Amino acid sequence: MLRISHCGMRFGGIQAIQGLCFEMGQGDILGVIGPNGAGKTTFFNLLTGVYVPTAGDICFQGKVLNGLAPFRIAQLGIVRTFQNVRLFAGLSVEDTIRAAMIPKAPGFFSSLFSLPASQKSEAVLLSEVEILLKQLGLWAFRHQLAVTLTYGLQRCLEIARALANRPKLLLLDEPAAGMTPTEKMDLMATIRDIQKQFGIAVIIIEHDMRLVMGLCPRILVLDHGVMIADGDPNSIATNPHVISAYLGEPEEGDFDDA
Amino acid sequence: MKKYKVHIGMGLALIGVGALAFLQPYIDPYYLQVALYLGINLILALGLHFLCGYTGQFSLGHAGFMSIGAYSAAFLSLHFFCAWPDPIRFMLSLLFSGFVSGCFGWLLGLPSLRLKGDYLAVTTLGFGEIIRVVIQNLDVLGGARGLGSIPKWTGIFPVFGLLILGIGLLHFLISSTYGKGFLAVRDDEVAAQAIGIHVTRYKVVAFVISAVFAGIGGALYAHLVTYITPSQFGFMKSIELAAMVILGGTGNAVGVMISVTVLTVLPELLRGFAQYRMVVYALSLVVVMIFRPKMRFWERKKSLC
Amino acid sequence: MLQQLINGLSLGSIYALIALGYGLVYGVLRFINFSHGDVFMVGAFVAFFSAPLATRFLGSGWLTFAAVLFISILFCAALGAVIERVAYRPLRNRPKLTMLITSIGVSLLLEYGGQLWLGPDPRAFPTLIPNRLILNTPTLVLGQVPVIVMGFSILLMGLMYLVVQRSRLGIALRAVSQNQAAASLMGVSINRMVMQTFAIGAGLAGAGGVFYALLYPSINPLMGIFPGLKAFVAVVFGGIGSIPGALIGGMVIGILETFVTAYLSPTYRDAIAFVILIAVLLFRPAGLFGQSDREKV
């Protein structure tokens, strides 16, 4: 479903990503880990079209994504959440989901005159919104302004927003950041449910090892823009390259005082 | 039937206005003029408010669209379809003015896509000025001397009828799912892109809509004052319009209506003190800006209005 | 053609002066101070009113000119500081457009207040420096006034450049314009910095007003509107925060304007600046020397 070949991203003098190659199938859950600055968010930005790769190709369901506008890529079925929650400050929870459904909503002229046909479509959309919000436990807050929700609920809304249009690939950028352990457990369960129910593929960037190891049957490790490991949690945990990337190599004088 | 509540409401309001229109000949001409000015300003402010409050862009050159509407309508009324009945001709002129200013709205909307905040404001200002200068140099439109003998077709029904229509249609648009896109683009473009919203198109559509409102307002204005010159649609006019919208508060249509009413009627009341008029106007602008209570709690630093 | 070039350069150097003040304020506060052009007008009028006094005590000549210039700069600097304190500081944390509208209000206040007080008719500015001809050839007539104007403007701008680049004030200025929060944590008093910036910018505008009145001796309360706007275009053209940029921007606009007036049509004069503005914003929004900010996702 998703194929990345020899992908690279260069900003002026900095090679943020280099020689990235991997494939992913429908319904897979993939974790991406790596030290800070490894290029994980850049990777997401490449996938969603915010950056155009300076080398290589990104293919999604047979279509080359290079150079497509971000909203087109979103319409093709790749959506994301953000490291810092980016909600629509002035919209209510319900309206946020409605906004996400714009690609399948009535267009300008029928909305302008509120024609009977568009009213019917709107009613259908609203029922879809209801279903989604209830699934994620946000129905009670539907009229509240998105920005007034608690942090955990805001993250939840961001995920709900991403799911509104039945995407095929969901990119979660550090969804557990700032969450309590209980919230993290809930998040893990939610992601598993979503994946099972909607059959979507998920790529998740995270720093919480337990969450990643517990959730993802396959993990990618990035360091300094290069992929240094790709495999199941056990092999990643014991991979010497991974360990040294996170902890560094011991230096000459390190153990002298011990 | 509940689904058509607003449609019915609009229809009733239009009938009400139509009834009022019959009384038109009996109303004192001065008050009538002020009322019509009020209605026209409301239409103009509505369009600008939509652009600013609902899509987060701004225009300090809206008088430019107004003049485009005024001149295109006047041109049509003066030179074409002379044998047709007046109401039809007026309607055609209004439609034409909306269309032409909409086109220019599209033209201005495109470069505006890359600009934010102050830059956008000044670019629109520049656009307004360029329009003014161009018209000044077009003899076919009367040049600096202006265009006169425009038939006085503007009355209660055209002005307030169109106002009601405008309010109703905008209401439909904003409450629809499509309409939420404008707000999303205003609040966070990047997030909007990420969920498949065609940000560019929304921004341009917003410009076009507000331009159409301004153009029709301008056409109504032209057929009220019967004589238009480019200097009537200069920087000052744009500032007046902008002030009306800003002072009314954003996202707050009622507030805008109040401020438009105040700002239209006040100069009339101050007519006796003509020279002090502008100074009082300017002073109140500054004072209100400084002491205005925050309208909405979510006024973020990034927002423009 | 050379004649037009000289005219354009002297006009341009005045635009550059105003642009500098604009740019300083924009760099620090990120807002367009619409009243800046009207401070320019105030400078011209202060000079107009102080000229007779100065002439009485100092006779006519260079000393009078210097005194009048000095008084104008001082008055305008004070005016700038007052405006900032009264009208803009309360709005520091509000959306930028609020400040923009307020600055428009202040601008209108200065313009129409001026009109109210002084009447709308233009006044004739006294000849402080006779326009003795330096060159008198068929192709080029060069008076000393344009040269003096250009010279002084460049001098003032050079001074500003040194101040901004080398002095403590300048470093604080640049710090505040890049990151207000961090600068204040480093001990920079934002309020004082902003007020000083406004004062400097206003002083420069005042000087510009005096020079403009020397070149075009007819002054009126509304004279600041267009030079102010054009100066802003100069800032955008040259790049925000760049002093050389403001200088070049002002010169370019002055020259283009003069050429268009001479060779195309005088009625397009004021529109030229806006055409430049739109062109810059379309093709190179950062201007000549500015940097574009990239939003980090």
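The table below lists the values:
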read-out	value
Residue B:210 vs. criteria under 24 Å from residue B:184 (Cα atoms), of a type in the set (S, T, N, Q), part of a helix (DSSP H, G or I) and out of contact with any Lys or Arg (no Cβ under 9 Å at 6 or more places or on another chain)	yes
Residue under evaluation residue C:181, criteria (1) in a helix (DSSP H, G or I); (2) under 28 Å from residue B:129 (Cα atoms); (3) within 14 Å of chain B (Cβ to nearest Cβ), criterion not met	(2)
Residue that is surrounded by the most Cβ atoms within 10 Å (Cβ to Cβ) [pool: residues in region A:216-230 that are assigned to a strand (DSSP E or B) and not aliphatic (A, V, I, L, M)]	A:223
Residue A:188 surrounded by fewer than 21 Cβ atoms within 10 Å (Cβ to Cβ), within 15 Å of the chain's Cα centre (by Cα) and of a type in the set (A, V, I, L, M)	yes
Lone qualifier among C:127, C:102, C:98 - being among the polar types (S, T, N, Q) and away from chain B (no Cβ under 14 Å)	C:127
Matching entry among C:97, C:110 (being crowded, with 21+ Cβ neighbours inside 10 Å and touching a Cys at 6+ places or on another chain (Cβ under 7 Å))	C:97
Among residues of region C:241-278, those that are facing another protein chain (nearest Cβ under 10 Å) and either under 20 Å from the mean Cα position of the chain (by Cα) or not in a loop (DSSP other than H, G, I, E, B) (or both), counted	12
Leading residue by the ranking (nearest to the chain's Cα centre (by Cα)) among those in region B:214-244 that are more than 13 Å from residue B:70 (Cβ to Cβ) and among the hydrophobic types (A, V, I, L, M, F, W, C)	B:241
Residue, surrounded by the most Cβ atoms within 10 Å (Cβ to Cβ), within region C:45-87, restricted to residues that are among the hydroxyl-bearing types (Ser, Thr, Tyr) and at pLDDT 85 or above	C:72
Residues of region A:113-130 that turn out to be surrounded by 12 or more Cβ atoms within 10 Å (Cβ to Cβ) and either farther than 21 Å from residue A:94 by Cβ or of a type in the set (S, T, N, Q) (or both), as a count	6
Residue ranges of helices (runs of 4 or more DSSP H) in region B:61-144 with at least 1 members facing chain C (nearest Cβ under 10 Å)	B:86-112, B:117-136
Positions within region C:69-92 being within 8 Å of chain B (Cβ to nearest Cβ) and either polar (S, T, N, Q) or within 14 Å of residue C:35 (Cβ to Cβ) (or both), in sequence order	C:87, C:91
Unique match (being among the charged types (D, E, K, R) and at the interface with another protein chain (Cβ under 7 Å from one of its Cβ atoms)) among A:95, A:57	A:95
Residue tally, condition of a type in the set (Gly, Ala, Ser) and either within 22 Å of residue B:134 (Cα to Cα) or without any contact (Cβ under 8 Å) to a residue 24 or more places away in the chain (or both), over region C:235-267	3
Region A:26-69, residues that are surrounded by 21 or more Cβ atoms within 10 Å (Cβ to Cβ), hydrophobic (A, V, I, L, M, F, W, C) and over 20 Å from residue A:208 (Cβ atoms)	A:46, A:47, A:58, A:65
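The values are calculated or read from the model by the stated rules, or taken from the named source; none is laboratory data. Predicted model, so just to flag it, every value in this text is computed and none were measured. No Cβ is skipped: glycine too gets one built from the backbone with ideal geometry, and neighbour counts run over all protein chains shown.
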